[in-house]
Every structure is written in C-alpha cells, then in structure tokens.
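For reference, the structure discussed in these notes is given below.
The values are calculated or read from the model by the stated rules, or taken from the named source; none is laboratory data. In this text, all values refer to a predicted model and were calculated from it rather than measured experimentally. When we count neighbours, we look across all protein chains shown, and the Cβ atoms used for this are built from the backbone with ideal geometry, even at glycine. Remember, those area values only see protein heavy atoms, side chains included, never the ligands or the DNA or RNA. Shrake-Rupley method; radii C 1.70, N 1.55, O 1.52, S 1.80 Å.
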Amino acid sequence: MKNIKVEEVVKNENQVIAIARESPFYPDGKGGQLGDRGKIGPARVLKVKEKNGYILHYLDTELEPGEYDCEIDLSRRKDIACQHTAQHILSAAFLKTADLETVSFHMGEEISTIDLSAPFILEDVLEEVEDLANEVVRRCERVEISEVDLKEAETLNLRKIPEVKEKIRVVKIGDFDITACGGFHVENTGEIGLIKIVDTEKVKKMFTRVYFVAGERALKDYGSKDRLIRSLTTVLTTSPQELEKRVKNLLESVKEKSSKLEKLAELCASLLAKSMASKRVGRFEVYDFDGPQEVGKYLPKFLADRENTVILLRYPDRIEIVSNWLDCRKIFEKLKEELNIEGGAGQKRAIVSTSSSKVVEKIEEILEWF
C-alpha cells in the first residue's frame, strides 16, 4: 500500500481533480504510454495527467486535501509493461530487418501503434519482423533497466538518445536492443508470450502505422477472430480452409446480380416514365414517385428534361426533390425555415431527411409561389 499527499482538489465541469506534487501514479501519455489506474482513499482514479510539475488525478468522487492511502491496479500495469516492451522489440526488429526507424509510438486501451519511416511496407517484411520479434520473446531475454549519464549513454549505441542533461533511464533487452525509456517494462521477454501485428495503414503520406497487440491482448484477439471464422463457416456452410474461396464466389455472384438488377431497374424506370401521371401545381408538372430506390434513381434520366418538371422521390428515410426548371436550394431553404427539417441541397436536387406526407404538401404549396 502506497500513500499520496493531495495538496488541492478542484471541481471542473463535473470532474474532480486531485492535485499532488509527487505521485506513485504514472501519467497518461508520458512516453506514449497509458497511465495508471487504481484508488486514492475511497475515490477511483479515472485518468492521470502531468502538468507544470504537478500530477493531476481525475477521480469519480470528491476528496478533501490531505494524505491518503492509494492502491494501483497492478494487472493494468502488467499489461502496460507487456505492450511497452513489445513495442521496443518490434521497433528494434523493424530497424534490424528493414532499416525502418520508429518515429512515434502510441499505446491504446485495446491496441497499440508505431509509426515507421516508410510510406509502404511489404507483407513479407511484416512477417519477417513478426517472426523475429516472437523469437526474442521465446528466448526469454532479460530486460535490464539502469540509469546512466549522457557521456556513458553516447557509448551504448542507443537507438535514440533523448535531449536531456540529467540521468538517462536505459532499457536493455538482452543483446537485441537498448534504448532510452521512462516507462514500464517486463523483467523477461518470455512474460509477453506473443506479439501480433494486426494491421497497417499509410499516414501523413510518408509513414506507415503498424497496429499490434501483445500478451493477453494477443490471445483475446486470436480468440475473437477464431470465433468469427467459426461463425462464418457455419453461416456459409464451408470449412475454414475454403472460406476465402467461398466469400470470393459469393461476392462475384452478388456483383453479377447487382449489375443485372441495375439494368432491370433502369428499364423499369424508362417504362414507368412513359405511363406515369403528373400533377399540375402552379406552372409545374409534379411527378410523385413512392417506390423502390433502385428504380427511383433512374427516373430523373427520363423525366427531368420535360418542360417545367419537378420530380419527388419518396423513400423510407427521405424525400428527394429533382428539377432542371427551378433552383431546388430555394425550396429547401423555405422548407427548413417553416418546418425546421434537416438535409441538404444543390441547384438541381434537394434532399430532406423525412418521408412525411406533410412535407410533400408543403413542397406543393411552395411550388405554387414560383
């Protein structure tokens, strides 16, 4: 059990913040790492920040200033240590395998990322890096933490030397990696169990963001994906080995049927346009369509060029107003002013977020004025 001296408590927009000069709670975001959680007296710690030399603890209930026993969530800290050491291993593996430097690191509650100095990374490089990282995990390398001065740090071949004048905290993973870091780490790489790269994306046009999980998170990720695959194989009546082929065949079939449906919808719209009755409203011929969206989207192609035509397309969630003979924006502005509706409009088309018949009546009333 540790203790903390709370010097001030501030209430700010339904938040309770306990402020201390020193704290056993690690702040969120420091070194890209998640912060500690736990309790200060009877209050749960929801978030921790470092600001102007003070530690701010965001609590779920009020406290008075004073000294309190505090309790840190050690299972969370163990997970943080696991993810952080995994990041060191991955960063070193990318550097050794493909000469790619880590430019930033972010740890999330469920997944973590590193940004690398390349706009694209080949799949076989990712596999090679992952294999190397997990080899380091299986070797159960000792993780040593020490403090050195700047002169000694310059002799250690660190991946990156921080711009500080005081002592530098160094994390060494066997003979595989050594770098400066102030965060939590495991004592032995075997504690991590597994490192898994789960995704990548290009960011800022010049970097690749690598998403990864480690330890218990990796096992949970595997479990959820295994359940998903088993569910899909049941729904699609196939085996895991044939799942990809089955999905591709289904997508091809859907694409083919969608193409045929589009052609039929266009043909239906052309035939409907020839027999569809209109309603005279002021100087306009109003065509009111209440039917499938697949057909409705083609009706303007066959009706819009008819003189003084206004087309109303009614769908379950909206009404579209289409016309080449007036500014649809003016209709929308009038509807918004009088009925407080939502939507958007261009010169030849307006969309209102409702299918109410009262809106159609109001549209016809507005058209009388044009």
From LYS362, LYS301, residue being assigned to a helix (DSSP H, G or I), within 30 Å of LYS263 (Cβ to Cβ), open to solvent by 20 Å² or more (accessible area, probe 1.4 Å) and free of Cβ contacts under 8 Å to residues at least 40 places away in the same chain: LYS301
Residue ranges of strands (runs of 3 or more DSSP E) in region 176-259 with at least 2 members more than 30 Å from GLU163 (Cα to Cα): 195-203
Strands (runs of 3 or more DSSP E) fully within region 40-139 counting 1 or more residues that are touching a residue at least 60 places away in the same chain (Cβ under 8 Å) and surrounded by 12 or more Cβ atoms within 10 Å (Cβ to Cβ): 66-72, 102-107, 112-116
Test: ILE351 is touching a strand residue (DSSP E or B) at 6+ places or on another chain (Cβ under 9 Å), assigned to a strand (DSSP E or B) and either open to solvent by less than 60 Å² (accessible area, probe 1.4 Å) or not basic (Lys, Arg) (or both): yes
Identity of the residue in region 285-342, under 22 Å from SER270 (Cβ atoms) and among the aromatic types (Phe, Trp, Tyr), that ends up nearest to the chain's Cα centre (by Cα): TYR315
Residue match in region 210-223 (condition: touching a residue at least 60 places away in the same chain (Cβ under 8 Å), touching a Pro at 6+ places or on another chain (Cβ under 7 Å) and under 30 Å from LEU100 (Cβ atoms)): no
Single residue of region 19-39 satisfying the filter (of a type in the set (A, V, I, L, M) and buried (at least 20 other Cβ atoms within 10 Å of the Cβ)) that is farthest from the chain's Cα centre (by Cα): ALA20
Close pairs from region 164-185: first under 13 Å from GLY31 (Cβ atoms), partner in a loop (DSSP other than H, G, I, E, B) and open to solvent by 30 Å² or more (accessible area, probe 1.4 Å), Cβ under 6 Å, at least 6 apart: ARG169/GLY182; THR179/ARG159; ALA180/PRO162
LEU219 being among the aliphatic types (A, V, I, L, M), open to solvent by 50 Å² or more (accessible area, probe 1.4 Å) and in contact with a Lys or Arg (Cβ under 9 Å, 6 or more places away or on another chain): no
